[in-house]
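Inspection log for the structure reproduced underneath, given as structure tokens.
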Amino acid sequence: MSPLAVLGILAASTAALALAVVLVRFNRKRLCVARCAATLTPEQLERIYSLVEQTGTTAANGYVLARTNKATTETRCLVPIPKELPQFPWAGRVVEATVSNTVELQFVEATAFEPSLLGHVYRPVQVPRHVTKSLSEEGNAFSPERYVADSPALSVALSAVCPKYPTELLSYLLCVGRASFEFDPIDQARIGTSPAWVQDPEHQICDECRKRMHLVLQLPGTVISRKAFHRGTFYLFGCVTHPDRTKTLGQFT
């Protein structure tokens, strides 16, 4: 075997070893964060989420669904839209996600006091909203890093549970689509606000008035199906002028 071939094999082996070390460290960190999250009491979770909501400087216009350690016997995937959403014609209604050959998000007549998806209960957390520097517009902030930077009390509450990875713990709690400490908007379940697109934006248009529809709900496929559609994120859009006009859209990685 030539010296160049030997060097090539050694380089490949070194790269494979380095990758294995990175993966081991990643999984250890992920498991550490997940274990810390599993120890959180309802009181601790409520304090964390309340502190997140307090980092906003103006009224919120949407929510993300955050993890809890509470289970439910509810077999349907139901998401009640919070009644407090201003100028949101679907506030107080309930969305059901059904999965067969496709995913369908639709309003149903059902009683649901808290979001329940595949036996897990979630807590709607108001997305912090801020006035921009121009003082003429408002924008939502989705970054856990910003929440922690804006709130020393939040940093203390997270560090008390997960001292090594406080910001990563918050990312894990607010990105329910996968068990990871890395923040990815497509792993969020959102109510109102703006969609986190997997692919290029596909804004939906009302068939009646031809106006752009608003996001009602965004759900990662992993929270509504145990087997299928795990590579998808699904969106329910509605028309503010014609609230009965809705459309379901899916995008895939």
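The values are calculated or read from the model by the stated rules, or taken from the named source; none is laboratory data. Keep in mind it's a predicted model, so treat the numbers as computed, not measured. Here the Cβ is made from the backbone with ideal geometry for all residues, glycine too, and neighbour counts use every protein chain on show. To get the accessible areas, we keep the full protein, side chains included, count just its heavy atoms, and leave off ligands, DNA and RNA. Shrake-Rupley method; radii C 1.70, N 1.55, O 1.52, S 1.80 Å.
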May I ask for the Kirkwood hydrodynamic radius of segment 19-116, worked out over all distinct Cα pairs and given in angstroms to one decimal?
16.7
How big, on average over all directions, is the shadow cast by the Cα convex hull of segment 71-110, in nm²?
3.7
Inter-label distance, nm, simple model (7 Å from Cα along the C-beta direction), Lys83/Ala179
3.7
Probe radius 1.4 Å, ligands and nucleic acids ignored: give me the carbon and sulfur share of the accessible area of segment 61-124 as a rounded percent.
47
Among the lysines, select those whose C-alpha is under 18 Å from the C-alpha of Lys29, and discard any that sit fewer than 8 residues away in the same chain.
Lys164
Helix 3-38 vs. the chain, principal-axis angle (Cα, 0 to 90°, nearest 10)
40
Quickly work out the Val108-to-Gln44 label distance, labels modelled 7 Å from Cα along the C-beta direction, and quote it in nm with one decimal.
3.4
Okay, helix-only estimate at 222 nm for the chain: each DSSP H run of n ≥ 4 adds -39500 (n - 2.57), divide by all residues, round to 500 deg cm²/dmol; what do you get?
-9500 deg cm²/dmol
For q = 0.17, 0.21, 0.27 Å⁻¹, what log10 I(q)/I(0) does segment 111-165 give under the Debye formula with an equal point scatterer on each alpha carbon and no solvent?
-0.80, -0.93, -1.04
With semi-axes √(5λ) of the Cα gyration tensor in Å as the read-out, I listed (i) 25, 21, 18; (ii) 42, 20, 13; (iii) 35, 24, 20; which label goes with the value calculated from this structure?
(iii)
Rounded to two decimals, the Debye log10 I(q)/I(0) of segment 144-221 (Cα scatterers, no solvent) at q = 0.15, 0.17, 0.22 Å⁻¹ is -0.64, -0.74, -0.99
Glu145 versus Glu202: modelled label distance in nm, points set 7 Å from Cα along the beta carbon direction:
3.0
Enter the accessible area per residue of the chain (Å², integer; probe 1.4 Å; all protein chains in place).
53
Mean projected area in nm² (Cα convex hull; one quarter of hull surface) for segment 110-248
11.1
Peptides ranked, highest mean first, by Cβ atoms within 10 Å: ranges 25-32, 114-121
114-121, 25-32
